[in-house]
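Written below as structure tokens is the structure these notes are about.
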Amino acid sequence: MSVHPPLSPTPAAPAPVTVAPEKTDPKDVRSFPSTIGGFVYLGVLTAAIVGLGLVGFGHWRVGIIVLAAGLGAASLGRAVLRSKDAGMLAVRNRWFDVVLLALTAGALWILAVTVPGE
């Protein structure tokens, strides 16, 4: 007599029951950010796309300044909003995020202003 259970289902052991997924009502599907931080994040993302587009078209100084402004706005938004409302801006500890974003924005701004050329 074997100690191991049988590999195939037997009449004593019915097959597992699969549950059909619930149908969601189209009115219940969210197509917009659920937090204020989500809107701030979309603004920062827009600034990044515009800034990178400007850099790609040869206006690197203005593009870097736009990137720095977007990161500065993200830093300000993360500092002002609670973690619950910050949405995708909240990655780590609040003040770590604020300092890291502000330092990166400052470094980009200094880079754009001090590099000689044009």
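The values are calculated or read from the model by the stated rules, or taken from the named source; none is laboratory data. The model shown is predicted, which means the values in this text are computed figures rather than measured ones. We place every Cβ from the backbone using ideal geometry, glycine too, and count neighbours over all the protein chains shown. To get the accessible areas, we keep the full protein, side chains included, count just its heavy atoms, and leave off ligands, DNA and RNA. Shrake-Rupley method; radii C 1.70, N 1.55, O 1.52, S 1.80 Å.
Measuring with a 1.4 Å probe in the full set of protein chains, what accessible area per residue, in whole Å², belongs to region 76-118? Display every interim value, and only then the final one.
On the way: 2960 Å² over 43 residues.
Accessible area per residue, region 76-118: 69 Å².
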- [ ] Specify the inter-centroid distance of region 87-106 and region 43-67, based on alpha-carbon positions, in whole Å.
- [x] 20
Task: DSSP-loop trypsin sites (Lys or Arg not before Pro) across region 35-118, with at most 16 other Cβ within 10 angstrom - done: R82, K84, R92
